[in-house]
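Okay, structure first, notes after.
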Amino acid sequence: MTLIKSISGIRGTIGGKTSDNLTPLDTVLFTSAYACWLKKNLKEKEYKVVVGRDARISGSMVQGLVNQTLVGYGIEVLDVGLSTTPTVEMAVTQHKAHGGIIITASHNPKQWNALKLFNQRGEFLNAASGKKILEIAQKQEFEYATIDHLGKVTQVLGAIEEHVQRVLALPLVNSGSIKQKKFKVVLDAVNSSGGIAVPILMEALGVTTVQIYCDPTGDFPHNPEPLKENLTVLSEKVVEEKADLGIVVDPDVDRLAFVDENGEVFGEEYTLVACSDYILSKTPGNTVSNLSSTLALSDITIQRDGNYHASAVGEVNVVEKMKEVEAVIGGEGNGGVIYPDLHYGRDALVGIALFLSLLAEKNQKVSVLRASYPDYVMCKAKISFSKGMDADSILKKFELKYFEKNPNTIDGVKLSFESSWVHLRKSNTEPIIRVYTEAKSEKEANELAQRFLKEIEEMI
């Protein structure tokens, strides 16, 4: 079993031994560390933290521990219950809270859960804050509230509905055109909170929705990551129902992927490409994605007279770069769309609304839309190395070997070629080096990956 402590939060498998898994004691420990950091970081008389969860089987248990630990630290909990990551992010600012916690392990299988931590802007903590919380957890020098200063739990109703209304209020979400098209979609919400949130949005947009796996039991019917190999039932249902498209979200509704009318996967990399195409056509400007995302975003940004920028992997890094370059849209190639006119966080609900607005405006089938974008194929590989070996030194050798190629070293080493690239970066959680490549054909992408895997083997 596994417990992973990182600057963005804590995640692990439920049960087992403390410090090796996400046990009740570990949950209390890291919630206490977050509460302690919050009070040291913000000097207030009273503190409020928004807490929500996805539909994982362990979610209710973990949230109970989180809520009451915060109460014990003298903090008021604004409990939004079954929710989504972007809903909690937005609720933090809406309720003028001092932070937020969403209890979700995102795309990980059902035995996992996690605490994702937000600041008072409803954004993921930066590296410095995350590091400080880990240090506090290690020292365990906590000072809980006395009897007269305990916090309380306040139930907050309607957070998802409020989130949907704010999406609908965006000027570039063309609700009228979407309603006129009378789209029919098949929705796969992997039996999590997307089964609550997405149908509310669909009803408001006048979209007929055929629901599969929308019962928020947390019993995931398939691997919850929205990849092609996990979407066979959705693809078949789209064809069977003669639907216009299929929609799939991950358990906490920050990642989004589509299936076209023929049951073919649109590609999660192209979720951000399509949404960006729509936004850039209305508000020209800059875009941002992480280093491991498709070149297609850069291509369409340049076509729209904007500038594309790459960040290190991780949502907090994408957001930081977006603010720096004043990007009009950005995100990650894993189906994560960040639209700053709403908030700085990956949000499947706004992604759906923007995609449907684009589809309604273009008045074309999803397959035709996908064919209109530059076509790239990505290959994702990895290689293990023995404990004690220095992955950083291996990556440094690559940087020096390909110095004339002007490698990007903000996150590992990325080499860009004319119509392809390779990105090498060490994992933060496993003794492996990830090797991602992209090219114009599957053959070329695979050959590029094999070439660099071989070079790594020769250096290890």
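The values are calculated or read from the model by the stated rules, or taken from the named source; none is laboratory data. Remember, it's a predicted structure, so these values are computed and weren't measured experimentally. With ideal geometry, Cβ positions are generated from the backbone for all residues, glycine too; neighbour counts draw on all protein chains shown.
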Checklist entry - What residue, among those in segment 52-61 that are of a type in the set (A, V, I, L, M, F, W, C) and either under 21 Å from the mean Cα position of the chain (by Cα) or not assigned by TED's automatic domain parsing to the domain that holds I102 (or both), is surrounded by the most Cβ atoms within 10 Å (Cβ to Cβ)? => result A55
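Among the listed residues N113, N108, which satisfies the condition of being in contact (Cβ under 8 Å) with a residue 60 or more places away in the chain and assigned to a loop (DSSP other than H, G, I, E, B)?
Criteria check complete, one pass: N108.
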Next on the checklist: Could you tell me how many of the residues in segment 159-189 are within 27 Å of G81 (Cα to Cα), in a helix (DSSP H, G or I) and without any contact (Cβ under 8 Å) to a residue 60 or more places away in the chain?
Outcome noted: 2
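Would you pick out the residues in segment 337-384 that are under 18 Å from S298 (Cα atoms) and touching a residue at least 60 places away in the same chain (Cβ under 8 Å)?
The answer is V337, Y339, L369, R370, Y373, P374, D375, Y376, V377, M378.
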Checklist entry - Across segment 14-26, which residue is farthest from G314 (Cα to Cα) among those that are among the polar types (S, T, N, Q) and modelled with pLDDT under 95? => result T18
Checklist entry - In segment 229-343, which helices (runs of 4 or more DSSP H) lie fully inside it and hold 1 or more residues that are within 21 Å of L125 (Cα to Cα) and among the aliphatic types (A, V, I, L, M)? => result 315-325
Checklist entry - For segment 143-179, how many residues are touching a strand residue (DSSP E or B) at 6+ places or on another chain (Cβ under 9 Å) and among the hydrophobic types (A, V, I, L, M, F, W, C)? => result 5
Checklist entry - Which numbered condition trips up I196, out of (1) over 18 Å from D347 (Cβ atoms); (2) in a helix (DSSP H, G or I)? => result (1)
Item to check | Residues satisfying the stated conditions in segment 196-225, i.e. under 21 Å from S60 (Cα atoms) and in contact with a strand residue (DSSP E or B) (Cβ under 7 Å, 6 or more places away or on another chain) | outcome: I196, Y213, C214, P216
Checklist entry - Out of segment 246-265, which residues are under 20 Å from T294 (Cα atoms) and surrounded by fewer than 24 Cβ atoms within 10 Å (Cβ to Cβ)? => result D260, E264, V265
Checklist entry - Any residue in segment 392-410 that is outside any helix (DSSP H, G or I), under 26 Å from V265 (Cβ atoms) and touching a residue at least 12 places away in the same chain (Cβ under 8 Å)? => result no
Checklist outcome for this item: Output for Cβ contacts, cut-off 9 Å, separation at least six or different chains, first residue over 10 Å from K382 (Cα atoms) and modelled with pLDDT of 85 or more in segment 425-444, second assigned to a loop (DSSP other than H, G, I, E, B) and among the hydrophobic types (A, V, I, L, M, F, W, C), reads A439/F417
Item to check | Filtered residues of segment 436-460 (kept if under 16 Å from K405 (Cβ atoms) and in contact with a helix residue (DSSP H, G or I) (Cβ under 7 Å, 6 or more places away or on another chain)) | outcome: T437, E438, A439
Next on the checklist: Can you tell me which residue is nearest to E315 (Cα to Cα) among those in segment 100-138 that are touching a helix residue (DSSP H, G or I) at 6+ places or on another chain (Cβ under 9 Å) and charged (D, E, K, R)?
Outcome noted: E123
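Of the residues that sit in segment 29-51 and are among the basic types (K, R) and outside any helix (DSSP H, G or I), which one is surrounded by the fewest Cβ atoms within 10 Å (Cβ to Cβ)?
That would be K45.
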Item to check | Meets criteria (assigned to a strand (DSSP E or B) and either surrounded by fewer than 24 Cβ atoms within 10 Å (Cβ to Cβ) or basic (K, R) (or both)) for G81 | outcome: yes
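Consider segment 143-192. How many of its residues are among the aromatic types (F, W, Y) and under 18 Å from E76 (Cβ atoms)?
Counting residues in segment 143-192 that are among the aromatic types (F, W, Y) and under 18 Å from E76 (Cβ atoms) gives 1.
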Item to check | Residues satisfying the stated conditions in segment 423-460, i.e. within 27 Å of the chain's Cα centre (by Cα) and hydrophobic (A, V, I, L, M, F, W, C) | outcome: L424, I432, I433, V435, A439, A445, A449
Checklist entry - Which members of segment 384-417 meet the condition of being touching a helix residue (DSSP H, G or I) at 6+ places or on another chain (Cβ under 7 Å) and surrounded by fewer than 19 Cβ atoms within 10 Å (Cβ to Cβ)? => result F385, K397, T409
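With respect to A91, determine if the residue is assigned by TED's automatic domain parsing to the domain that holds A35, of a type in the set (A, V, I, L, M), outside any helix (DSSP H, G or I) and crowded, with 24+ Cβ neighbours inside 10 Å.
When the stated conditions are applied, A91 does not pass them.
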Checklist entry - Restricting attention to segment 102-112, does a residue exist that is out of contact with any strand residue (DSSP E or B) (no Cβ under 8 Å at 6 or more places or on another chain), surrounded by fewer than 23 Cβ atoms within 10 Å (Cβ to Cβ), modelled with pLDDT of 95 or more and not small (G, A, S)? => result no
Next on the checklist: For segment 347-391, give me the residue count where each residue is assigned to a loop (DSSP other than H, G, I, E, B), out of contact with any Ser or Thr (no Cβ under 6 Å at 6 or more places or on another chain) and closer than 23 Å to E418 by Cα.
Outcome noted: 4
